[in-house]
Each structure stands twice: as structure tokens, then as C-alpha cells.
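Novice: First, the structure itself, so that you have it in front of you.
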Amino acid sequence: MPYSEPPPPGGYPDVQWHVPPKRPSLARRKRDFLRHLLRWGSMSEAAARTGVDRRTAHRWRAEDEAFDQACRERLTLRRQKIVLAAIDRMENPKTRPVLYRGRQIGHLGRANDRIVAALMWSTEVLGREK
């Protein structure tokens, strides 16, 4: 005598098998990392958005010369973009009107210096290679 009834001939219609998603290949993860690195400009941020550890990304750079060169190019492009944005903010400061009794009597120009300060402390601007 069997312990349970045998399954129906066509199987159970309401049972769905869980198939885990395939893990992306190493080349795909490296490509995604480089894409995030160009967008965010930070090794830690790119690694987190790719789903790998920051130390893994540094290990990839140490083991693969082409990957290291691609990372350097993207970091350089990101720093150049920051420099251009800083120059634009310094040349075209945002102005705010100064009002007195409902009339504009002047305006204040403000340049954002935080981005310039962050750029000054960047390793490439200081002349050190990372």
C-alpha cells in the first residue's frame, strides 16, 4: 500500500517550479562595473551598484591590465567632467534677487565652491596616481 496517492498523469497543474536566475558572467559584471564607474565616478559606488565587493573590483584591476586601463580612462573622464562643471559654475554663478518692500533692489551672485574644493583634494589633481 503506497504512502500517498500517485501524481496525476499530466502532473500537478498549480505547481510552479522555482528556477533561480543565472548569475551574470564575469565579462558582464565587469562591463556593468565600468558603466557604473563612468556614471558615478566612484569605485565603491560602482561596485555596490554592480553587486560585487569593492575589494573584488580592486582585485580585477590588479589582475587585468585592460580592465585597469578602462577604469583609469573612465575615472579621468569623470574628473574632467567635474572640472568643466566647476568652471561653468564659477563663470556663471546663480543669482538671487534681493527684495525690499516688494521691489528688487539688487541681486546676489553665488558660486558653488564645494565642487572645486572636492576637486582640489582629488588624487589626480594633487599629482598622485591611484
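Novice: Cα-based count: Lys pairs in the chain below 27 Å, eight or more positions apart or different chains?
Specialist: 5
Novice: Compute, for the chain, the length of the dipole vector about the Cα centre, with Cβ point charges of +1 (Lys, Arg) and -1 (Asp, Glu) only. Units Debye, rounded to 20.
Specialist: 780
Novice: Let me ask you something else. Using 0.36 nm per residue of separation minus the Cα-Cα distance, give me the extension gain between residue 58 and residue 15 in nm, one decimal.
Specialist: Value of the extension gain: 11.1 nm.
Novice: Could you size up the charge dipole of segment 51-94 around its Cα centre, putting +1 on the beta carbon of Lys and Arg and -1 on that of Asp and Glu, and report it in debye to the nearest 20?
Specialist: 280
Novice: Excluding residue 109 itself, what net charge comes from residues whose Cβ is under 12 Å from its Cβ, given Lys and Arg +1 and Asp and Glu -1?
Specialist: For residues surrounding residue 109, the net value is +3.
Novice: Go ahead and estimate [θ] at 222 nm for the chain from helices alone: -39,500 (n - 2.57) per DSSP H run with n ≥ 4, summed, over the residue count, rounded to 500.
Specialist: The per-residue figure over the chain is -16500 deg cm²/dmol.
Novice: Also, I was wondering about something else. Once you order the gyration tensor axes a ≥ b ≥ c over the Cα atoms, which shape class does the chain get: rounded for a/c under 1.5, otherwise prolate or oblate by comparing a/b with b/c?
Specialist: oblate
Every read-out reported here was derived from the displayed coordinates using simple, explicitly stated rules and does not represent laboratory data. Note that the coordinates shown come from a computational prediction; the quantities given were computed from them, not determined experimentally. Note that each Cβ is placed from the backbone with ideal geometry, even for glycine, and that neighbours are counted across all protein chains shown.
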